[in-house]
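A quick write-up on the structure given underneath.
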Amino acid sequence: MEDLLKVKAKIKEFTAECGHSKSLELLELLPTGKMLRSKLILKIAGVNEESIKLCAVVEMIHAASLLHDDVIDDALTRRGKPSINAMYDNKTSIMFGDILYSIAFTKLTFMNPKIAYNISNAVTLLSIGEMIDVDLGKSFNTNYDLYLDMIYKKTGSLIEASAASAAILAGLDESKYAIYGRNLGIAFQMVDDILDITADEATLGKPAMADFKEGKVTIPYLKLYNELDDSGKEKLKSIFKKELNSEESVWLKNSFYSTNTLKSSIELTKQLGFEAIEAIKDENNPSLIDIMQQMCDREF
């Protein structure tokens, strides 16, 4: 916890350097998440000045992407608290996101060129993933590969780059940690997609089963679609992007459990976790195994 406070202090320091008081004001309003990317970097590279700087850069990039994401999704809450676009407006959220991106990229210019490339390239992939996500939301997507590509780019790429960059800082095998980070990122998003269905609003910090209403056909819905008969497929497509009534909500939940698609989705996240642990099994870093196991063994 103390190490994460150092990361938060560094983010505040970087933001203060730009000499814009409103940015500091907005920074204080950003809800803090689990800081998974920072935990990952510090477990790989240890706690030192360079790793704290890398954590700050990555967290600022992640925060910027969420500020833009809230505008794209018309989200009024973030982690159970009002989002910046809800408290101010969309323009403020977008511009503050741009400021955080810009500060992060400025700090990257002082880092190892390979690390700077890894993180910058991940931001390109992240942005492409956002665009793919928006495009997929226009119609009911039944293509698993498209979904997987989108969540890798949108979520997995920055976690992959964080792990690989931390390995470079520590003089470790970058490729092994990239595999671990990639799988962790994809599994992390899949777990989030499953919890959208199984968890309640208090746990999620947003309405339960909101993804489908927003136009997101996530892994449980993809698996469910493939298990349903033709009439079931048509019914599922007919309630896409709708406010569900009680009958539709009950039908959907019963369908998930009768087809075991939630269970098979959870098993998929565990398989990704196993592959990630295999990649770093000889690296003598049990903390990374714990991170993956804790995520994949969550209560659904």
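Please tell me if residue 86 is at pLDDT 85 or above, within 15 Å of residue 29 (Cα to Cα) and in contact with a Gly (Cβ under 7 Å, 6 or more places away or on another chain). Taking the combined requirement at face value, the residue does not satisfy it.
Under the condition of being basic (Lys, Arg) and within 21 Å of the chain's Cα centre (by Cα), the residues counted in region 262-292 number 1. Total residues in region 81-114 satisfying the condition of being closer than 14 Å to residue 61 by Cβ, in a helix (DSSP H, G or I) and not small (Gly, Ala, Ser): the figure is 10.
Residue-by-condition table, conditions (1) farther than 27 Å from residue 280 by Cα; (2) touching a helix residue (DSSP H, G or I) at 6+ places or on another chain (Cβ under 6 Å):
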residue: 5; (1), (2): yes, no
residue: 39; (1), (2): no, no
residue: 49; (1), (2): no, no
residue: 58; (1), (2): no, yes
residue: 71; (1), (2): yes, yes
residue: 84; (1), (2): yes, yes
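Screening residue 231 on (1) modelled with pLDDT of 95 or more; (2) touching a helix residue (DSSP H, G or I) at 6+ places or on another chain (Cβ under 6 Å); (3) among the hydroxyl-bearing types (Ser, Thr, Tyr) shows it passes everything except condition (2). Does residue 281 qualify as being assigned by TED's automatic domain parsing to the domain that holds residue 179, in a helix (DSSP H, G or I) and of a type in the set (Lys, Arg)? No; evaluated as a whole, the condition is false for this residue. Residue 98 satisfies every condition listed in (1) within 20 Å of residue 8 (Cβ to Cβ); (2) surrounded by fewer than 14 Cβ atoms within 10 Å (Cβ to Cβ); (3) touching a residue at least 12 places away in the same chain (Cβ under 8 Å) except (1). Of everything listed in (1) over 22 Å from residue 146 (Cβ atoms); (2) charged (D, E, K, R); (3) crowded, with 18+ Cβ neighbours inside 10 Å, the single unmet condition for residue 281 is (3).
Once region 1-38 is narrowed to residues that are among the hydroxyl-bearing types (Ser, Thr, Tyr) and more than 20 Å from the chain's Cα centre (by Cα), the residue that is surrounded by the most Cβ atoms within 10 Å (Cβ to Cβ) is 15. Of a type outside the set (Lys, Arg) and under 17 Å from the mean Cα position of the chain (by Cα): is that true of residue 83 in this structure? When the stated conditions are applied, residue 83 passes them. Considering region 14-45, and only residues there that are of a type in the set (Gly, Ala, Ser) and outside any helix (DSSP H, G or I), the residue that is nearest to residue 103 (Cα to Cα) turns out to be 19.
Could you say whether any residue in region 167-179 is within 24 Å of residue 218 (Cα to Cα) and in contact (Cβ under 8 Å) with a residue 24 or more places away in the chain? Yes, because at least one residue in region 167-179 is within 24 Å of residue 218 (Cα to Cα) and in contact (Cβ under 8 Å) with a residue 24 or more places away in the chain.
For region 78-89, residues that are of a type outside the set (A, V, I, L, M, F, W, C) and surrounded by 16 or more Cβ atoms within 10 Å (Cβ to Cβ) total 4.
The values are calculated or read from the model by the stated rules, or taken from the named source; none is laboratory data. Model, not experiment: these values are computed from the prediction. Ideal geometry is used to build each Cβ from the backbone, glycine not excepted, and the neighbour counts take in all protein chains shown.
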